[in-house]
Amino acid sequence: MKETKSRHTLHQIAPHSYWLSPDGTTDRPVLGAIAGQQATLLVDAGASPNHAQTMRHETAVHHLPAPAYLALTHWHWDHIFGTAVFPIPTFAHTETRRRMVDYSRLDWSDDALDRRVAAGEELAFCRDMIKLELPDRRQLVIRAPDISFTHGVEVDLGGLTVQITHVGGDHAHDSSVIYVPEDKILFLGDSLYFDIYAPEARYTTARLFPLLDQLLQFDADYYLAGHHTEPITRAELEAEAALLRNIGEIVEQHGRSSPQAIHPAVQTITGQPLTEDHQEYIAAFLAGLPA
Ligand SMILES: [Zn+2]
């Protein structure tokens, strides 16, 4: 593993799989690079052309084959604003593509962003991060994907196959994951996270539980989540999935009739005072209860 002076580090996690560390200061997510004998496939294009250039630079420094394909995990700005830096065939779910075409037609000036936040069409948090990450957006080009799919697609990189699969979930209904079977690595994008565009951060058992099942069906040793600073092991994901299921079921059982019973019930399962994560999960499942 080679350290660089950039604010990011490209880590090799398996023979063909690399990930660029995220940076919370402007909400830059994890980016991925999967290197076959002939070609490299990139996972997500980053929060800006600068972020994308960093990834391109890192793949060159590490002597990976030139990036030949790009796969996008979902439509959120921080994963797609760098697309124009990579004029290469780009894969995304049909919904990701539709959202990006809409985005490419929007006015991204400060005034327009402020208006969209005031109208409830954009989150203040995203607006602030966009302004910080990319202060001058006059040259911003959002290049829509070339190849869209509804269920999934496989890409051959030369002695190495990559599977891109739509999984959905609460965070973004178009969420897709990128699997490297030979490396047992799964890039999760933001699929595991809450729905942040809902009035309150929200998890629904109807969307999250099938997603957890689907993610655990991939035979992976490590999972890379979009804004996690460290890879997640299989054991950690299994434990997290069990916790989310338990909390989701408890909230569903007591949420309407006896919300005061939720905290003691969760505490019985965890065997410890509730952490901030537990509280957040409870609040998210409460917000996601069917109306
Ligand atoms: Zn996202």
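Bear in mind these aren't lab numbers, they're just calculated from the coordinates by the rules spelled out. All values reported here derive from a predicted model rather than from experimental measurement. Please note: Cβ atoms are built from the backbone with ideal geometry, for glycine as well, and neighbour counts cover all protein chains shown.
Computed quantities for the displayed model
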item: Degrees between helix 124-133 axis and first principal axis of the chain (Cα, 0 to 90, nearest 10); result: 30 degrees
item: Length-normalised contact order for region 1-130 - Cα pairs under 8 Å, 6+ apart - percent; result: 17 percent
item: HN-Hα J in Hz across region 170-185 - Karplus 6.51, -1.76, 1.60, θ = phi - 60°, x for Gly and Pro; result: 6, 4, 7, 5, 8, 3, 10, 10, 10, 10, 10, x, 4, 9, 6, 10
item: Relative contact order (%) - criterion: Cα under 8 Å, at least six apart; region: region 78-216; result: 21 percent
item: Longest exposed-site-free window of the chain, the sites being GluC sites (Glu not before Pro) in a DSSP loop that have at most 12 other C-beta atoms within 10 Å; result: 4-120
item: Rounded to 5, percent antiparallel among DSSP beta bridges of region 157-277; result: 70 percent
item: In order through region 265-273: 3J(HN,Hα) via Karplus (6.51 cos²θ - 1.76 cosθ + 1.60), integer Hz, x for Gly, Pro; result: 5, 5, 4, 4, 6, 7, x, 8, x
item: Table column - 3J(HN,Hα) (Hz), region 235-246, Karplus curve with 6.51, -1.76, 1.60, x for Gly and Pro; result: 4, 5, 5, 4, 5, 5, 5, 5, 4, 4, 4, 4
item: Mean separation of Cα contacts under 8 Å (6+ apart) over length of region 56-112, as relative contact order %; result: 30 percent
item: Percent of C-alpha pairs per 10 Å bin, the chain, short to long; result: 6, 28, 34, 23, 9, 1
item: Using alpha-carbon coordinates, inclination of helix 49-61 to the longest axis of the chain, degrees; result: 70 degrees
item: 0 to 90° range, to nearest 10: angle between helix 276-287 axis and the chain longest Cα axis; result: 80 degrees
